[in-house]
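The values are calculated or read from the model by the stated rules, or taken from the named source; none is laboratory data. Only a predicted model underlies this, so the values are computations on that prediction, with no experimental measurement involved. We place every Cβ from the backbone using ideal geometry, glycine too, and count neighbours over all the protein chains shown.
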């Protein structure tokens with residue numbers, strides 16, 4: 001299958017090298033990420049970024065001081081951790097830490113994964129899916145699917161096959177996989193019931209979530225999981241406090257529960273929030289975090305209508321900002337522009353109204369991280 005590719009543009013915080021040119025100042029308006037070929041998808045964590053090119057190769061760049069997030073092998077010798085712009089701002093290395101540029105890496109290919117079709121990442125873990133349905137992971141050992149140590153290069157996760165989609169919560173505590181038969185698999189931390197296994201303990205290896213029918217979409221937010229089933233029903237498990245869901249006097253929901261509402265077809269989640277779209281393009285918001293981003297209060301288990309996001313094809317949510325892209329290629333940015341995350345030339349701590357960000361072509365997809373944004377722009 002041929003996928004449409006474009007140029008990757010980025011904007012936002014620069015001290016960890018997320019803009020692709022090494023540690024630098026914040027970038028307040030979009031500019032192309034140097035050193036990359038045309039790409040079809042992108043992902044962003046707290047301090048590292050990824051893209052997949054037309055040949056299925058994964059590219060990584062950014063801060064590699066902790067957990068080998070770039071997936072290109074361990075660096076020889078001690079790795080400095082404090083980026084140059086932070087030192088210029090007066091920050092000092094902690095006792096026993098080395099000054100330096102934080103092990104920042106320029107864009108380069110991640111070895112060991114061919115024909116990649118998706119990358120999903122949190123702050124400490126990275127997952128990759130290839131065209132044969134195999135799943136790979138690297139980074140910290142929190143949720144690597146059975147690994148006991150951090151992996152500095154991609155390592156295949158046993159027990160998963162014929163996977164079509166991945167989801168990882170931003171805190172890297174748990175992950176989900178959806179296979180071709182509509183089964184949902186989960187692993188990682190389960191303290192709040194986010195694995196849906198009926199317990200609140202860690203599960204080291206992927207296990208199937210018991211759902212009444214096939215799932216068509218999955219998403220992971222902090223300590224919570226979401227799935228749309230083939231009948232359009234939206235199901236939830238994890239920390240129910242974010243949607244005011246209580247079971248047996250507890251907010252900790254360890255087995256999937258259906259939420260009231262319409263028939264949904266797509267999901268996007270990050271932080272403490274989730275967005276779900278109906279077949280006619282209407283967007284509903286669930287969970288905490290939307291007040292700062294869109295000025296809307298969360299509406300419990302029934303969700304809150306978000307007309308400003310109606311018709312969007314996708315949604316990427318960072319720590320304090322978000323991006324939505326529509327079928328006509330327009331990109332909407334909203335939230336707090338700190339660090340230049342909205343790309344509108346401003347940098348402050350106040351929430352702004354959603355704005356259309358001008359880019360030189362149609363936006364194919366986008367990603368949002370900790371104060372940084374990326375968009376794949378077609379010709």
Within segment 273-296, considering residues that are part of a loop (DSSP other than H, G, I, E, B) and crowded, with 16+ Cβ neighbours inside 10 Å, the one modelled with the lowest pLDDT = 289
Of the residues in segment 322-337 that are more than 19 Å from the chain's Cα centre (by Cα) and on the phi < 0 side of the Ramachandran plot, the one that is surrounded by the most Cβ atoms within 10 Å (Cβ to Cβ) is 330
Inside segment 70-96, can you point out the residues that are modelled with pLDDT under 70, in contact with a strand residue (DSSP E or B) (Cβ under 7 Å, 6 or more places away or on another chain) and part of a loop (DSSP other than H, G, I, E, B)?
-> 80, 83, 91, 93
Quick one: is residue 32 farther than 19 Å from residue 70 by Cα, touching a strand residue (DSSP E or B) at 6+ places or on another chain (Cβ under 6 Å), surrounded by fewer than 19 Cβ atoms within 10 Å (Cβ to Cβ) and at pLDDT 95 or above?
-> yes
Can you name every residue in segment 156-169 that is over 16 Å from the mean Cα position of the chain (by Cα) and surrounded by 19 or more Cβ atoms within 10 Å (Cβ to Cβ)?
-> 157, 160, 163
Considering segment 143-181, residues that are closer than 26 Å to residue 371 by Cβ and out of contact with any strand residue (DSSP E or B) (no Cβ under 6 Å at 6 or more places or on another chain), and then whichever is modelled with the lowest pLDDT, we arrive at 150
Give me a count of the residues in segment 298-316 that are touching a helix residue (DSSP H, G or I) at 6+ places or on another chain (Cβ under 8 Å) and surrounded by fewer than 23 Cβ atoms within 10 Å (Cβ to Cβ).
-> 6
Residue match in segment 44-53 (condition: within 26 Å of residue 127 (Cβ to Cβ), at pLDDT below 85 and in the same structural domain as residue 338 (by TED's automatic domain parsing)) | no
Reported set for segment 197-211 where residues are over 17 Å from residue 236 (Cα atoms), touching a residue at least 40 places away in the same chain (Cβ under 8 Å) and surrounded by fewer than 20 Cβ atoms within 10 Å (Cβ to Cβ) is 204, 205
Over segment 338-375, the set of residues in a loop (DSSP other than H, G, I, E, B), surrounded by 14 or more Cβ atoms within 10 Å (Cβ to Cβ) and either outside the structural domain of residue 36 (by TED's automatic domain parsing) or over 18 Å from the mean Cα position of the chain (by Cα) (or both) is 343, 344, 346, 347, 351, 359, 361, 362
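Restricting segment 1-15 to residues that are in a loop (DSSP other than H, G, I, E, B) and out of contact with any helix residue (DSSP H, G or I) (no Cβ under 9 Å at 6 or more places or on another chain), which is surrounded by the fewest Cβ atoms within 10 Å (Cβ to Cβ)?
Across segment 1-15, the extreme among qualifying residues is 1.
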Filter pass, residue 319 being within 22 Å of residue 29 (Cβ to Cβ) and surrounded by fewer than 18 Cβ atoms within 10 Å (Cβ to Cβ) | no
Scan segment 229-253 for residues that are part of a loop (DSSP other than H, G, I, E, B) and either surrounded by fewer than 16 Cβ atoms within 10 Å (Cβ to Cβ) or out of contact with any helix residue (DSSP H, G or I) (no Cβ under 7 Å at 6 or more places or on another chain) (or both) and jot them down.
-> 230, 231, 232, 233, 244, 246, 248, 249
For segment 170-207, enumerate the residues that are assigned to a loop (DSSP other than H, G, I, E, B), farther than 18 Å from residue 257 by Cβ and under 18 Å from the mean Cα position of the chain (by Cα).
-> 170, 171, 172, 173, 189
Does residue 270 qualify as being crowded, with 23+ Cβ neighbours inside 10 Å, under 23 Å from residue 59 (Cα atoms) and outside the structural domain of residue 60 (by TED's automatic domain parsing)?
-> yes
When every residue in segment 182-196 that is under 18 Å from residue 158 (Cβ atoms) and at pLDDT 95 or above is compared, the one surrounded by the fewest Cβ atoms within 10 Å (Cβ to Cβ) is 183
So residue 310 clears everything in (1) under 18 Å from residue 355 (Cβ atoms); (2) at pLDDT below 90 except one condition, right? Which one?
-> (2)
